[in-house]
Amino acid sequence: MDITSLQNPRVKHLVKLRDDKRQRKQDGLMLVEGYDEIQLALSAGYQPQTLFSAPEFASRQLERVNAENITVNRAVFEKISYRENPDGWLAVFPIPSVSLNDLKLSDSPLVIVAESIEKPGNLGAILRTADAARVDAVLVCDPRVDVWNPNVVRASRGAVFSVPTIECDNMSALEWLSSREIRILAATLSAEVVYSAVNLREPIAIAVGTEDDGLTDFWMSNADVKIKIPMMGKVNSLNVSVSTALIVYEAVRQRAQ
């Protein structure tokens, strides 16, 4: 067993990487916990810096990973873990460095613009939808939670590695979309057009905002089309990840016909 003390400096550093966005940005490192999530990162071509394992938890064995391998005891793993039921695997990965200009698009791109999303679970769920629907990219604009937050990685089930994901400001995203002639669809309750009535086969970016405030005036004023999801009950909004999934899969349906 390589580490058994909760006071070990490496344990303290892992806790900081887990809890502190500034520490992650300063070090350029992120945590990925879970056998499946680490496997997905590896299959996407990412290589960890360090792999931590707790034999008392680990029921499945990762194939030999080209990284520093460190074993820890149960108490240490419970200290560094951010999951309720850990499976004994946690890795430290360099934060991917990808810019808008690095993105490779399909012939008719389908992009998600997620503005000011604040809950890791919502952003993670949007990324899972993006992976399932083979979305070209997710632009996380003016985020309130960083993409590399461990809870985003967990909620995305590792999809953050399989979907090109960029953090950027609104203006940079708009200029990039405009330069590639990608139409912007703003999802808003105030729209008159139902999302399923719009041509989603052409190059489009689906812009979604927070549940409380929706999209800001920036995207509302720069959108080519405003679309809505019909609400026939007493509740006046859907979870942002659910709304995103509905519109994205309508695009998938139209493109498959």
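Among S196, S156, S106, sorting on how many other beta-carbon atoms sit within 10 Å of each Cβ, with the fewest leading, yields S106, S196, S156.
Each of D131, D20, D142 was scored by other Cβ atoms within 10 Å of its Cβ. Listed from fewest to most, they are D20, D142, D131. On the principal axes of its alpha-carbon atoms, region 119-199 has extents of 37, 26, 23 Å, going from largest to smallest.
Considering Cα pairs under 8 angstrom that are at least six residues apart, work out the relative contact order of region 100-256 and quote it in whole percent. Each step should come with its number before you reach the end.
Working: 291 pairs, mean separation 42.1, N = 157.
Normalised by residue count, the contact order of region 100-256 is 27 percent.
For region 9-94, the spherically averaged projection of the C-alpha convex hull amounts to 5.3 nm². Derived value for region 1-59: Kirkwood hydrodynamic radius 13.0 Å. Basis is the mean of 1/r over every pair of different alpha-carbon atoms.
Look at E78, E115 and count the other Cβ atoms within 10 Å of each Cβ; fewest to most, that gives E78, E115. Taking one quarter of the surface of the C-alpha convex hull of the chain gives a mean projected area of 15.1 nm².
Hey, any idea what Rg/Rh is for region 68-144, computing Rh the Kirkwood way over Cα pairs?
Values: Rg = 16.8 Å, Rh = 15.6 Å.
That ratio is 1.08, to two decimals.
Of all beta bridges that DSSP places with both ends in the chain, some 25 percent have antiparallel geometry.
Of the residues A75, A187, A155, the one that moves most in a GNM of the chain with alpha-carbon contacts below 10 Å is A75. Within region 9-94, DSSP assigns beta bridges of which about 70% are antiparallel (rounded to the nearest 5). Fraction of C-alpha pairs exceeding 20 angstrom in region 156-257: 41 percent, rounded to a whole number.
Evaluated at 25 °C with a viscosity of 0.890 mPa s, what Stokes-Einstein diffusion coefficient in µm²/s does region 32-175 have when Rh comes from the Kirkwood expression over alpha-carbon pairs? Can you show the working numbers first?
Details: Rh = 16.0 Å.
Rounded to a whole number, D works out at 153 µm²/s.
Coordinate-derived values only; no laboratory data. The structure displayed is predicted, hence computed values, not measured ones. Cβ atoms come from the backbone with ideal geometry, glycine included; neighbour counts cover every protein chain shown.
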